[in-house]
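Colleague: Take this structure first; my questions come after.
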Amino acid sequence: MRSKFLPFSAPTITEDDITAVAEVLRSGWITTGQKAADFEKKFAEHIGCPAAVALASATAGMHVVFNALGIGPGDEVITPSMTWVSTANLAVLAGAMPVFVDVDRDTLMVSSESIAAAMTSKTKVIVPVHFAGSAVDMDPILALAKKQGVAVVEDAAHAAGTFYKGRQVGKTGTSIFSFHPIKNMTTGEGGMLCSDDAALTERIRRLKFHGLGVDAFDRQMQGRSPQAEVLEPGYKYNMTDISAVLGLRQLARLEEFNAKRADLAMLYRKRLAEIDELLPLADVKYPVRHAWHLFIVRLNTDKAGMSRDDFMKELKARNIGTGLHFRAIHLQKYYLEKMGMRRGMLPNTEWNSDRICSLPLFPTMTGQDVDDVVDAIKEVLKK
């Protein structure tokens, strides 16, 4: 058994990263400034999109987008239940109704067919989720949305460095990325909205900083313009330079990070082929370059003779950390009791929600770490 605990994820922070953050702290300008502006520019160039807006979190990004789109009472927001709770929570807080659609059992992706079946005259926005580092098949979803006159906002929290049909996720349309510490690159906490809709981008810049008519950092003034006025009520969701300088350094190494993740994922696939009780996710059928944000398996609870939760506990007792991505939103207490959700609505989502488990995956892991995980899994299942 390992003597040292292996977490399921860990940020890749170097001494040079720490020095860069310290330089910002010593500079006298630590909130939104030139580093945040540089990070937006570099990220947009990396993705290939016209513009990017740095934010305090991906959730903040979704909040201001919902506000910009006018999501409110009587509206419906279509999204999978196999995702983090933030999008559904924001829909509820806006007075709208989250409409959950099922995912493919083995890729965990939504499809245009499942979305089309859930659409009504009240549908205001579709939020597909690029899952675990792979990509949703967006072309048919965008065609459907265009035909119906419905907005699309891609949840790209897992997709920094993911390519769909030869283009990076975020290059076209509107996408929101996360830089939480478990993601492929981090700013501590933070997010980025990428969009080719210039009017939407301008509104997001305004809404993320109190509704002022200039950004939190005016590029010409090298500060905040004294003439700045509130054009509409807004929020306080700007990214600080402390976070942005870390983001700049992480972005420069994103390809390196993702290549290491891919190597580890392929090693997992090779070793886990020996274990009948575990079923990894399947590859999608269309062209994708996977960013390997997560390495997910599903436990065959019948073959294993134990629940997923017990499986995770047994691995933790052997110093192997795991993650759960995700417990289905529609089966969580609030949504069952207050929103009229019920088990049986989304069979593929529910089957996965009961069995899903994320194994350790981060760039500083070694092949020996993967072997330790697999050996611990074998020991647990043998027991």
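Colleague: Among the residues of region 151-168, which ones are out of contact with any helix residue (DSSP H, G or I) (no Cβ under 8 Å at 6 or more places or on another chain) and either surrounded by 20 or more Cβ atoms within 10 Å (Cβ to Cβ) or closer than 16 Å to residue 111 by Cβ (or both)? Before you say what the answer is, go through the steps one by one.
Modeller: Within region 151-168, the subset out of contact with any helix residue (DSSP H, G or I) (no Cβ under 8 Å at 6 or more places or on another chain) is 156, 158-159, 162-163, 166-167.
Within region 151-168, 156, 158, 159, 162 qualify.
Colleague: Okay, next question. Count, please, the residues in region 271-294 that happen to be of a type in the set (Gly, Ala, Ser) and farther than 24 Å from residue 136 by Cβ.
Modeller: First, the residues of region 271-294 that are of a type in the set (Gly, Ala, Ser): 273, 282, 291.
So of that shortlist, the ones also farther than 24 Å from residue 136 by Cβ come out as 273.
Residues meeting the conditions: 1.
Colleague: Go through 172, 187, 201 for me and flag whichever is open to solvent by less than 30 Å² (accessible area, probe 1.4 Å) and in a loop (DSSP other than H, G, I, E, B).
Modeller: 187
Colleague: Also, I was wondering about something else. For the structure I just gave you, tell me whether residue 91 is free of Cβ contacts under 8 Å to residues at least 40 places away in the same chain, more than 26 Å from residue 297 (Cα to Cα) and not in a strand (DSSP E or B). Break it down into steps so the answer makes sense when it comes.
Modeller: Details: free of Cβ contacts under 8 Å to residues at least 40 places away in the same chain: yes; more than 26 Å from residue 297 (Cα to Cα): yes; not in a strand (DSSP E or B): yes.
Taking the combined requirement at face value, the residue satisfies it.
Colleague: On to the next question. Examine region 285-307 for a residue that is more than 29 Å from residue 164 (Cβ to Cβ), in contact with a Pro (Cβ under 9 Å, 6 or more places away or on another chain) and part of a helix (DSSP H, G or I), and state whether such a residue exists.
Modeller: no
Colleague: Could you list all residues from region 204-243 that are open to solvent by 20 Å² or more (accessible area, probe 1.4 Å), at pLDDT 90 or above and part of a loop (DSSP other than H, G, I, E, B)?
Modeller: If the condition is that a residue be open to solvent by 20 Å² or more (accessible area, probe 1.4 Å), at pLDDT 90 or above and part of a loop (DSSP other than H, G, I, E, B), then 210, 231, 232, 233, 234, 235, 237, 240 are the ones that fit.
Colleague: Now for a separate question. Condition (residue is farther than 22 Å from residue 8 by Cβ and in contact (Cβ under 8 Å) with a residue 12 or more places away in the chain) applied to region 292-310: is it met by at least one residue?
Modeller: Pass one, region 292-310, residues farther than 22 Å from residue 8 by Cβ: 302-303, 305.
Still in the list and also in contact (Cβ under 8 Å) with a residue 12 or more places away in the chain: 303.
Among the residues of region 292-310, at least one is farther than 22 Å from residue 8 by Cβ and in contact (Cβ under 8 Å) with a residue 12 or more places away in the chain, which makes the answer yes.
Colleague: Hey, can you tell me all the residues within region 349-360 that are of a type outside the set (D, E, K, R) and crowded, with 17+ Cβ neighbours inside 10 Å? First the steps, then the outcome.
Modeller: If we filter region 349-360 for residues that are of a type outside the set (D, E, K, R), which is where we start, we get 349, 351-353, 356-360.
Hits for region 349-360 are 349, 352, 353, 356, 357, 358, 359, 360.
Colleague: Sort out which residues of region 276-298 are of a type in the set (Val, Ile, Thr) and open to solvent by less than 10 Å² (accessible area, probe 1.4 Å), and write them in order of number. Step through it out loud before you land on a result.
Modeller: Let us first name the residues in region 276-298 that are of a type in the set (Val, Ile, Thr), namely 284, 288, 296-297.
Correct list: 296, 297.
Colleague: On to the next question. Among (1) within 30 Å of residue 90 (Cβ to Cβ); (2) in contact (Cβ under 8 Å) with a residue 24 or more places away in the chain; (3) more than 23 Å from the chain's Cα centre (by Cα), where does residue 288 come up short?
Modeller: Checking residue 288 against (1) within 30 Å of residue 90 (Cβ to Cβ); (2) in contact (Cβ under 8 Å) with a residue 24 or more places away in the chain; (3) more than 23 Å from the chain's Cα centre (by Cα), the one that fails is (3).
Colleague: For region 316-365, which positions are in a loop (DSSP other than H, G, I, E, B) and polar (S, T, N, Q)?
Modeller: We begin by selecting, within region 316-365, every residue in a loop (DSSP other than H, G, I, E, B); these are 318-319, 321-322, 324-328, 332, 338-346, 354-355, 360-365.
Answer for region 316-365, where residues must be in a loop (DSSP other than H, G, I, E, B) and polar (S, T, N, Q): 319, 322, 332, 364.
Colleague: Kindly provide the set of residues from region 314-334 that are open to solvent by 60 Å² or more (accessible area, probe 1.4 Å) and under 20 Å from the mean Cα position of the chain (by Cα), ordered by number. Can you show your working first?
Modeller: Applying the first criterion (open to solvent by 60 Å² or more (accessible area, probe 1.4 Å)) to region 314-334 yields 316-317, 327, 332-334.
Those that are open to solvent by 60 Å² or more (accessible area, probe 1.4 Å) and under 20 Å from the mean Cα position of the chain (by Cα): 327, 332.
Colleague: Does residue 103 satisfy the condition of being among the aliphatic types (A, V, I, L, M) and either assigned to a strand (DSSP E or B) or open to solvent by 40 Å² or more (accessible area, probe 1.4 Å) (or both)? Before the answer, list the steps.
Modeller: Details: among the aliphatic types (A, V, I, L, M): yes; either assigned to a strand (DSSP E or B) or open to solvent by 40 Å² or more (accessible area, probe 1.4 Å) (or both): no.
No; evaluated as a whole, the condition is false for this residue.
Colleague: Kindly provide the set of residues from region 87-98 that are in contact with a Ser or Thr (Cβ under 9 Å, 6 or more places away or on another chain) and buried (at least 20 other Cβ atoms within 10 Å of the Cβ), ordered by number. Don't jump to the end; show me each part of the working.
Modeller: At the first step, the residues of region 87-98 found to be in contact with a Ser or Thr (Cβ under 9 Å, 6 or more places away or on another chain) are 87-91, 98.
Those that are in contact with a Ser or Thr (Cβ under 9 Å, 6 or more places away or on another chain) and buried (at least 20 other Cβ atoms within 10 Å of the Cβ): 87, 88, 90, 91, 98.
Colleague: Residue under question is residue 110, and the condition is that it be within 30 Å of residue 245 (Cα to Cα), aliphatic (A, V, I, L, M) and without any contact (Cβ under 8 Å) to a residue 60 or more places away in the chain; does it hold? I'd like the intermediate steps shown before the answer.
Modeller: Numbers: within 30 Å of residue 245 (Cα to Cα): no; aliphatic (A, V, I, L, M): yes; without any contact (Cβ under 8 Å) to a residue 60 or more places away in the chain: yes.
Against the criterion (within 30 Å of residue 245 (Cα to Cα), aliphatic (A, V, I, L, M) and without any contact (Cβ under 8 Å) to a residue 60 or more places away in the chain), residue 110 does not qualify.
Colleague: Within region 107-150, which residues are open to solvent by 40 Å² or more (accessible area, probe 1.4 Å) and under 23 Å from residue 67 (Cβ atoms)?
Modeller: The answer is 120, 121, 122, 124, 142, 146, 148, 149.
The values are calculated or read from the model by the stated rules, or taken from the named source; none is laboratory data. The shown structure was predicted, so the numbers you read here are calculated from the model rather than taken from an experiment. Please note: Cβ atoms are built from the backbone with ideal geometry, for glycine as well, and neighbour counts cover all protein chains shown. Just so you know, the surface numbers come from the protein's heavy atoms only, side chains and all, with ligands and any DNA or RNA stripped out. Shrake-Rupley method; radii C 1.70, N 1.55, O 1.52, S 1.80 Å.
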